[in-house]
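Note sheet for the following structure.
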Amino acid sequence: MKKRVLSIIAMLAMTVSMAACSSPSAPTPEDGEGDDTNVSSEAGDLITVGYAQVGAESDWRTANTESFKSTFTEENGYKLIFDDAQQKQENQIKAIRSFIQQDVDYIVVAPVVETGWETVLEEAKEAGIPVILSDRMMQVSDDELYVAWVGGNFVKEGETCGEWLAKYLEENGRGSEEINMVTIQGTIGASAQVGRTEGFNNILTQHDNWKMLDMQSGEFTQAKGQEVMESFLKSYDDIDVVICENDNEAFGAIDAIKAAGKTCGPDGDIIVVGFDSVKAAFESMIAGDLNATFECNPLHGPRVAEIIQKLEAGESVDKIQYVDESYFDTSMDLETILPERAY
Ligand code: GZL
């Protein structure tokens, strides 16, 4: 805020000095003829937001990026500086340092992993630039290093998935059957991976007849998800369930299952579940491939803008802000729900 006031004063001073030394005939705003945009400090009025995005690895990420780009527009009073780190922490740290050098008003980060941020957050604090976390969490010794966090409750997502599976197996007469499962995890160390793995495990431990054969990271991508599922199918010939820690991994797993001559979905050999609930997951459930998807709302842009507006007004903001989430499965009227989905 202070910075913008100073920039307005500087621009006005510059304009006055320019008007003073310009030719007497040149129209100036005072004459009512000049273009008054050079005195309106449009750039000074805009709130500059530096956004360090994880990458573009999944449908969820695409929707998350779109949510920010459609919220932080000039007509809404913002100048957005966007950086895609291609899922590399070192690129995000470079982006944050660049935002500091550009003296942005706010830094927003979707941290690719939870650790390794202390130093660069201290640099932002030193520069007096508030940091807001979106999507994934950072583990830091002092949580005053960020103002607020907006995202999904990943542990709850994992538990909801486990509870859904228990009910689904019971309803299909398999409540006491030995169930062999594998997990295609997300990027190791990402909050979504940590939370979903922990949450599902909280339910797994309640079922002695459930056996987790293996877990490997699919990096939240379809290609890696397919690769991991191919290796699981080679190692284990009696997989009953695959837990995919995002929908894109599930799409890859489904391709691998079909390529191996097996079937999946409600009428198949292998139960497949994903996380995010992107539109393509609804299409996969309607096609009979995916059994269920556990929602992780990516529309964080408006929530972060709400935080910034409160900070601009000198109001306090809640530190932790969960987004609303649900789940969807093939027992629901998916053809009706799909057209209503925002992502
Ligand atoms: C969840 C987000 C995860 C999504 C994946 O908040 O961090 O990262 O589940 C995305 O699709 O890649």
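Odds and ends about this structure:
- If the condition is being touching a helix residue (DSSP H, G or I) at 6+ places or on another chain (Cβ under 9 Å) and surrounded by fewer than 22 Cβ atoms within 10 Å (Cβ to Cβ), then the range 68-79 contributes K69, S70, T71, E74, N76, G77, Y78, K79.
- Of all residues making up the range 260-293, the number that are part of a loop (DSSP other than H, G, I, E, B), within 23 Å of Y343 (Cα to Cα), touching a residue at least 40 places away in the same chain (Cβ under 8 Å) and open to solvent by 10 Å² or more (accessible area, probe 1.4 Å): 1
- Only one of the numbered conditions (1) of a type in the set (F, W, Y); (2) more than 14 Å from the ligand (Cβ to nearest atom); (3) surrounded by 19 or more Cβ atoms within 10 Å (Cβ to Cβ) is violated by F82, and that is (3).
- Scanning the range 147-185 for residues that are within 16 Å of the ligand (Cβ to nearest atom) and more than 23 Å from P266 (Cβ to Cβ) gives A148, W149, V150, G151, G152, N153, F154, V155, K156, Q185.
- Scanning the range 327-341 for residues that are part of a loop (DSSP other than H, G, I, E, B) and surrounded by 10 or more Cβ atoms within 10 Å (Cβ to Cβ) returns T330, S331, M332, R341.
- Looking across the range 249-259, the residues that are within 20 Å of E57 (Cβ to Cβ) and either open to solvent by less than 10 Å² (accessible area, probe 1.4 Å) or not in a helix (DSSP H, G or I) (or both) come down to E249, A250, G252, A253, I254, A256.
- Residue match in the range 296-312 (condition: more than 16 Å from the ligand (Cβ to nearest atom) and part of a loop (DSSP other than H, G, I, E, B)): no
- Residues of the range 191-209 classified as among the polar types (S, T, N, Q), over 17 Å from W149 (Cβ atoms) and in contact with a strand residue (DSSP E or B) (Cβ under 7 Å, 6 or more places away or on another chain), total: 2
- Search result, residues across the range 98-117 that are more than 16 Å from the ligand (Cβ to nearest atom) and either among the polar types (S, T, N, Q) or surrounded by 14 or more Cβ atoms within 10 Å (Cβ to Cβ) (or both): S98, F99, I100, Q101, Q102, V104, D105, Y106, I107, G116
- Residues that are without any contact (Cβ under 8 Å) to a residue 40 or more places away in the chain and open to solvent by less than 70 Å² (accessible area, probe 1.4 Å) within the range 294-309 are absent altogether.
- For the range 126-161, a residue qualifies if it is more than 21 Å from E312 (Cα to Cα), touching a residue at least 40 places away in the same chain (Cβ under 8 Å) and open to solvent by 20 Å² or more (accessible area, probe 1.4 Å), and the qualifying residues are M137, N153, V155, K156, E159, T160.
- Residue that is within 16 Å of the ligand (Cβ to nearest atom) and touching a residue at least 12 places away in the same chain (Cβ under 8 Å), where the choices are I188, I257: I188
- Within the range 191-233, tally of residues that are among the aliphatic types (A, V, I, L, M), surrounded by fewer than 17 Cβ atoms within 10 Å (Cβ to Cβ) and within 16 Å of the ligand (Cβ to nearest atom): 1
- Evaluation of D324 against (1) open to solvent by 30 Å² or more (accessible area, probe 1.4 Å); (2) of a type in the set (D, E); (3) more than 16 Å from the ligand (Cβ to nearest atom) (one fails), failing number: (3)
- The range 163-185: number of residues that are touching a Leu at 6+ places or on another chain (Cβ under 6 Å) and in contact (Cβ under 8 Å) with a residue 40 or more places away in the chain: 2
- Among residues of the range 162-190 being open to solvent by less than 10 Å² (accessible area, probe 1.4 Å) and in a strand (DSSP E or B), the one that is nearest to Q89 (Cα to Cα) is I184.
- Which listed residue, of E315, E245, E249, is more than 16 Å from the ligand (Cβ to nearest atom) and closer than 27 Å to S191 by Cβ: E315
- Yes/no for I239 being more than 23 Å from E325 (Cβ to Cβ) and either in a loop (DSSP other than H, G, I, E, B) or not aliphatic (A, V, I, L, M) (or both): yes
The values are calculated or read from the model by the stated rules, or taken from the named source; none is laboratory data. This one's a predicted model, so the numbers in the text were calculated from it and none came from an experiment. Here the Cβ is made from the backbone with ideal geometry for all residues, glycine too, and neighbour counts use every protein chain on show. These accessible areas exclude ligands, DNA and RNA; they are computed on the full protein's heavy atoms, side chains included. Shrake-Rupley method; radii C 1.70, N 1.55, O 1.52, S 1.80 Å.
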